[in-house]
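Some notes on the structure that comes next.
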Amino acid sequence: MKDELTQDQRSANLKGMGSSRKRVEDVRFTQGKGRYVDDIKLDGMLFGDFVRSPYAHARVTSINTEAAMAIPGVVAVLTAKDLEPLGLHWMPTLAGDKQMVLADGKVLFQGQEVAYVIANDRYAAADGVEAVEVEYEELPVIVNPFEALKSNVVLREDLEGQTEGAHGPRKHHNHIFTWEQGDKEGTEKVLEEADVVAEEMVYYHRTHPCPLETCGCVASMDKVTGKLTLYGTFQAPHAIRTVVSLISGIAEHNIRVVSPDIGGGFGNKVGAYAGYVCSVVASIVTGKPVKWVEDRMENLMTTAFARDYWMQGKIAATKEGKITGLWCHTTADHGGFDACADPTKFPAGFMNICTGSYDIPTAYLAVDGVYTNKAPGGVSYRCSFRVTEAAYFIERMIEVLAIELNMDAAELRRINFIKSDQFPYQSALGWEYDSGDYHRAWDQALNAVGYKELREEQAQRIEDFKAGKTRKLIGIGLTHFTEIVGAGPVKNCDILGLGMFDSCEIRIHPTGSAIARLGTISQGQGHATTFAQIIASEIGLPADDITLEEGDTDTAPYGLGTYGSRSTPVAGAATAMAARKIRAKAQMIAAYLLEVHDDDVEWDVDRFSVKGAPERFKTMKEIAFAAYNQAIPGLEPGLEAVSYYDPPNMTYPFGAYICVMEIDVDTGEHEIRSFYALDDCGTRINPMIIDGQVHGGCTEGYAIAMGQEIAYDEMGNCKSATLMDFFLPTAWETPTYTTDFAVTPSPHHPIGAKGVGESPNVGSVPCFSNAVHDAFRPFGLVQSHMPHDHWRIWKIAKDLGLHS
Ligand code: CDP
C-alpha cells in the first residue's frame, strides 16, 4: 500500500514535539467554562470561615463562641480545644516542624487562624466570625530575624528547651537550623589569599506568589461509604492524600483528592493549610460537605510567602577577574513556623546552586533558619526550591565584583562561565550540571541587543546628564542564570518521606485515540497540550486524539505533583517512557500482522514498516485496533502502559537576559525600553507555550524586582495585604519582551527536555535589579535592596547627591 502523504506531512499532522500547537485548555478557559474549586457546589454544602488574629504575637486568654452560635445559619464553631482530642490542633509542616491549626494558647503572626466558623452560607459564616469574642494579651513582636536571634523573647514556647530540631542543633530559642554546604576552611583560605575580594549583603525581600485564584477546598465525608472526597487547589494531590490519611487516620483508599482546574499556583498551593484540616473535620462532624475559600487578604497575609533571605556574600578573584572562591551566609526568615516546602534533605532548598553559571573552584554556604512573628511559608514562588534567591545572590555578587575590579560585567561573566566541554560539571557545592553552552548563549544575547552600541549610548547619556542636558539615565541589566529543576532523584529528594518520582499511564483505545493520566497537575502551564505532543511524537497518534487527565487520585497514577518546573523533567520523561513501552508492544503486533520477525520492522513517524519495503506497513491506528481484535500469540490483548520515572539527575536549563531601562532621576520612575530573554530548556516541546511561560515568568519577575513586597511594620502588621498595596502588574505596566532560544538537550532525559516554567522568574529578577544598579553605577551605587519602586529609586538618586 502506498501513502500519498510525505513523511514530513504525516509528522506535521501529529502536532507532536516542536509544534506550536494551540493550547487545548484555552477553549474552555476563554469561554468561562473552567471548573475551579469555588465552582463546586454539593447538596447541603456548608461554608467555613476563619476568625483570625489581629495581633502578630499575643496570648489568647479566652474565646467566647456563644454570640456566634446564636447567629442564624451558624452551625458550629471550632477552636483548638475541639481539635485537641482528635490530635488535630497542630499539624506537621513539610519542613519537619509543626504548626498550629487553630491558635493553641498564643498566636505568632497577624492573621493566624484562631477559630473556624461553619455556617449554611458564606454570609452567615462571616457574621459568625465577627461575633466570636477573643481576648488577647499582647506580647513583644519580633519581625527582624537578626533581632530574633538576640532576643530573650521566646516565640515558640512549645519548643522551649529543645536543642535539636528537624535539621540538627538549634543555637537559640528562635533559631531553627543551620545548614552548611561546601568547604568552609578552603573558602576562607582563598578569601584571605585573593587579589580582590568583594563583599556585600544581598537581601531578597519577602514576597508572595499571589495566584489569581486563592487557596480553597471542599471536603465531603460520606458517612455511609466512609469515603472522604477532598476537592482543592492542590499542586500535589497525591501527597495531600497521603498526608490527610496520616494526619486523620482515615485509610488512604478511603480518601479521594481531586484538584480541579487551578488558577495559578506558583508554589502557593503546595503545602497544607489550616483550612483543609478544619474543613475535613467540619465535614466529618456535620456529615455535610464543607467549603472553604480564602479571600485575597487572607491569601496574602497567611498562606505561604516566598523569599525573605538575607544573603551576606564574599567573592574572591584574581586581578584579571577569574573567580577563585565564593562564601555566603544566609539568614532565612521563616516566620512563626517552619512551613517551607523543600525536599527533606534540603532545609534551604537548592540555595547551594548559588555558584550559578560560573566555574568557581571553592565555595561555602551556610544558612540559618530563624523564627519571627510573620506568616509561615517559604515556598518556591515559581522557582525550584530557593533557586531564585541563589540566582539573585550570584548575579548581584558578579556585578559587585565587576565594580571592585572596574571591569565590564558582561566580560567578567564570560571569563568565568563553565565551558561547554566541562559538562557534566561538578559544582563546588555538590551539583552535577547536565549540559550547557553558556558562551554561545551569551554571545547570541549580546549580539542580539547590540551590547557594544548600548554601552556607547549609555556613556553618551552620562555625559549629557553631567552636562545638564537630560535627567534620565540608562541602565543595562545583565543576567546569566542556571536553574536546577526536576526533583527527584528519589535517592536525594523526598517530601515527608515520599520519593520525588513521577508517573504517566497511557491507554490506547481500539480506534486509535488515547487517554493519558499523570501524577502532575497543571495550573495554567498547558500540560494537556504539551504532554499529548510528547505521546504523539513517540507513538504516532495525533495529539488531537489524545486526552490528558491529571489531578484525581482515584484515577491518576501516584506522583509528587507540579511545582519547581518538575513536570517536564520528571512526568514528561515518564510520559515518553510509557509511550515507548506501548511502541515496543506495537512493534510486536505490527511484525505479527506483517508476518515478519520483530526485528524486521522499523519505526516511521506513525507506523511500523518492513525494513527495505516501506510500502508494507501497519499504522498505529491499525495496530491499536489489532491489539483489541486479534489473538496475538504470546501477547495479552490491549495496548496500555504505565511508567513511574525516577530521574537520574536534575535538569539544568539556563538563560541569558538583558534589560535596558530608562530611569528618571527626579521622580524615580522607570521605563523598560527593551527586555531580551534567551532561554535554553533543551528540547522544546511547544515553542508557543514556552514563549507564554517566559512572558508570564518575566512579568512576575518584573513585579518582584520593581514593586511587589509583603511588608510588615514593627508591630507585625502586614502592610501589603490587598492588591492596592501589593503590586500585581496589569497589561498597562507589563513590559514587552523579545524571546529567543538555544537548544542544549539534557543528556539523561528521554527526550532531552529541561524545565522552563520557572526560568523566567529566576532570571528576570536579577536582570531588572541589575539594570537599576547599572544606571547608578557611574555615580557610586554598589548595592540597594529590592523592590525598586519609584520611591526607593528616587531615594538612591537623592542619597547619591543627584538631586539639585
Ligand atoms: O512543572 P511545570 O509544568 O510548572 O513546568 P515545566 O515542566 O517547565 O513546563 C511548563 C510548560 O512548558 C509545560 O506545558 C511544558 O510541557 C512546556 N515545556 C515545553 O514545551 N518544552 C520544554 N522543554 C519544557 C517545558
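Miscellaneous remarks
- Using just its DSSP H runs of length 4 or more, each adding -39500 (n - 2.57), the chain gives a mean residue ellipticity at 222 nm of -8500 deg cm²/dmol after division by all residues.
- Residue-count net charge about LEU446 - beta-carbon cut-off 15 Å; Lys, Arg +1, Asp, Glu -1: -4
- Whole-number D in µm² s⁻¹ for region 1-99, Kirkwood Cα-pair radius fed into Stokes-Einstein, 10 °C, 1.306 mPa s: 77 µm²/s
- Oblate is the label for region 31-81, because the ratio a/c of its alpha-carbon gyration tensor axes (a ≥ b ≥ c) is 1.5 or higher and a/b is not greater than b/c.
- Cα centroid of region 38-83 to Cα centroid of region 572-640, whole Å: 59 Å
- Reported to the nearest whole Å, the Cα centre-to-centre distance from region 507-560 to region 360-437 is 35.
- Burial ranking of peptide ranges 744-750, 225-231 (average Cβ count within 10 Å, highest at the top): 744-750, 225-231
- Annotation: aspartates and glutamates with alpha-carbon distance below 15 angstrom to LYS472 (same-chain offsets under eight excluded): GLU457, GLU463, ASP464, GLU662, ASP664, ASP666, GLU669, GLU671, ASP774.
- Förster radius 41 Å - calculated FRET efficiency between ALA467 and GLN783 (Cβ-Cβ, nearest 0.05): 0.90
- C-alpha center-to-center spacing [region 660-698, region 736-782] in angstrom: 8 Å
- Normalised contact order of region 326-389, rounded percent, pairs of Cα under 8 Å and 6 or more residues apart: 53 percent
- The chain shape via C-alpha gyration tensor axes, a/c threshold 1.5: oblate
- Taking only alpha carbon atoms, region 555-611 gives an Rg to Rh ratio of 1.19, where Rh is the Kirkwood radius.
- Contact order for region 494-597, expressed relative to its length and based on alpha carbon pairs under 8 Å spaced 6+ residues apart, stands at 34 percent.
- Using C-alpha pairs under 8 Å with a sequence gap of at least 6, the mean separation divided by the residue count of the chain gives a relative contact order of 16 percent.
- Region 193-252, accessible surface, carbon-and-sulfur percent (1.4 angstrom probe): 54 percent
- Only protein atoms count toward the accessible area here, which uses a 1.4 Å probe; on region 351-454, the carbon and sulfur part of that area reaches 45 percent.
- The listed peptides 702-715, 322-335, ordered by packing as a protection proxy, come out as 322-335, 702-715 (highest mean of other Cβ atoms within 10 Å first).
- Accessible carbon and sulfur surface of region 721-804 relative to its total accessible area, %, 1.4 Å: 59 percent
- Shape of region 429-468, Cα gyration tensor, a/c cut at 1.5: oblate
- Listed by chain and number, the lysines whose C-alpha is less than 28 Å from the C-alpha of LYS291, apart from same-chain residues fewer than 8 away, are LYS33, LYS41, LYS81, LYS98, LYS106, LYS223, LYS227, LYS269, LYS374.
- Probe 1.4 Å, accessible area per residue of the chain, Å²: 36 Å²
The values are calculated or read from the model by the stated rules, or taken from the named source; none is laboratory data. In this text the structure is predicted, and so the values were computed from the model without any measurement. Here Cβ is always computed from backbone atoms with ideal geometry, including for glycine, and neighbour counts include all displayed protein chains. Heads up: the accessible areas ignore ligands, DNA and RNA and are worked out on the full protein's heavy atoms, side chains in. Shrake-Rupley method; radii C 1.70, N 1.55, O 1.52, S 1.80 Å.
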